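For reference, the structure discussed in these notes is given below.
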Amino acid sequence: MQENYNRLIFPGRFQPLHIGHIKAIEYALNLSKELIIVVGSAQESYTIKNPLTAGERIEIIKSVLAREFGYDYCQRIYIVPIMDIEMNKVWVQYLLMLLPEFDGVVSGNSLVLNLFKDMGLKAIMQPMFNRNLCSGTNIRNSIIEGNDDWRKCIPDYLYEILEKYNFIERLKSLSRGD
């Protein structure tokens, strides 16, 4: 795949980062010279939907990218935390205001793709990886239910990184209301 764009963005909450995200990041890097990974819902943490802090997610992403892609790729990537504004119609304009100039988005979310198209920006559907199992929601639900199927959705080394942040116990504690 050739580079077609100067800079694309890849937004997500990364709660947690999983193989689908890693494959989408690789796909986006093959399309553009640079990639901005937007860590969304940056203001949220310690909830079932958003158990990790923005800082923890950034550190996890950096660790995984260094391991998966090496230093040269990482020099082409920005990781930026962004707070939600919960106003879909102006969200892309909000990103244009906060981020370096970009050509478009890579996403698996149809709402995100439509918002970018409406603004006249490139909207690229990412290839999906085992979406029925490997989504953040499914991973979090599997952990809460005590089901280990979610481990198929992350590289083995990522389990150790998540343990550093007590991710599994934090999520279970949040689900119990501790």
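The values are calculated or read from the model by the stated rules, or taken from the named source; none is laboratory data. On a predicted model such as this, the values are computed, not experimentally measured, just so you know. All Cβ positions, even for glycine, are placed from backbone atoms using ideal geometry, and neighbour counts span all protein chains on display. These area figures cover heavy atoms from the full protein model, side chains too; ligands, DNA and RNA do not enter into them. Shrake-Rupley method; radii C 1.70, N 1.55, O 1.52, S 1.80 Å.
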Practice problem: Output the residue which, of all residues in the stretch 148-172 that are open to solvent by less than 60 Å² (accessible area, probe 1.4 Å) and outside any helix (DSSP H, G or I), is nearest to ASN109 (Cα to Cα). | Solution: ILE154
Self-check item: Only one of LEU133, LEU99, LEU111 that is surrounded by 15 or more Cβ atoms within 10 Å (Cβ to Cβ), modelled with pLDDT of 95 or more and among the hydrophobic types (A, V, I, L, M, F, W, C)
Solution: LEU99
Self-check item: Lone qualifier among GLY70, GLY55 - being farther than 29 Å from ARG170 by Cα and surrounded by fewer than 17 Cβ atoms within 10 Å (Cβ to Cβ)
Solution: GLY70
Practice problem: Test each condition in (1) closer than 18 Å to HIS21 by Cα; (2) touching a residue at least 24 places away in the same chain (Cβ under 8 Å); (3) open to solvent by 30 Å² or more (accessible area, probe 1.4 Å); (4) assigned to a helix (DSSP H, G or I) for PRO127 and report the one that comes out false. | Solution: (4)
Practice problem: Using the structure shown, decide if ILE139 is in a helix (DSSP H, G or I), farther than 15 Å from PHE14 by Cβ and open to solvent by less than 30 Å² (accessible area, probe 1.4 Å). | Solution: no
Quiz item: Looking at (1) part of a helix (DSSP H, G or I); (2) closer than 14 Å to PRO16 by Cβ; (3) without any contact (Cβ under 8 Å) to a residue 60 or more places away in the chain, can you tell me which one TRP91 breaks?
Solution: (2)
Quiz item: Which ones in the stretch 22-48 are touching a Phe, Trp or Tyr at 6+ places or on another chain (Cβ under 8 Å) and either open to solvent by 30 Å² or more (accessible area, probe 1.4 Å) or farther than 30 Å from ILE144 by Cα (or both)?
Solution: LYS23, GLU26, ALA28, LEU29, LEU31, SER32, LYS33, GLU34, LEU35, ILE36
Self-check item: Where a residue in the stretch 151-178 is in contact (Cβ under 8 Å) with a residue 40 or more places away in the chain and within 10 Å of PRO51 (Cα to Cα) and its partner, wherever it lies, is in a helix (DSSP H, G or I) and open to solvent by 30 Å² or more (accessible area, probe 1.4 Å), with Cβ under 7 Å and at least six apart
Solution: LEU171/ILE144
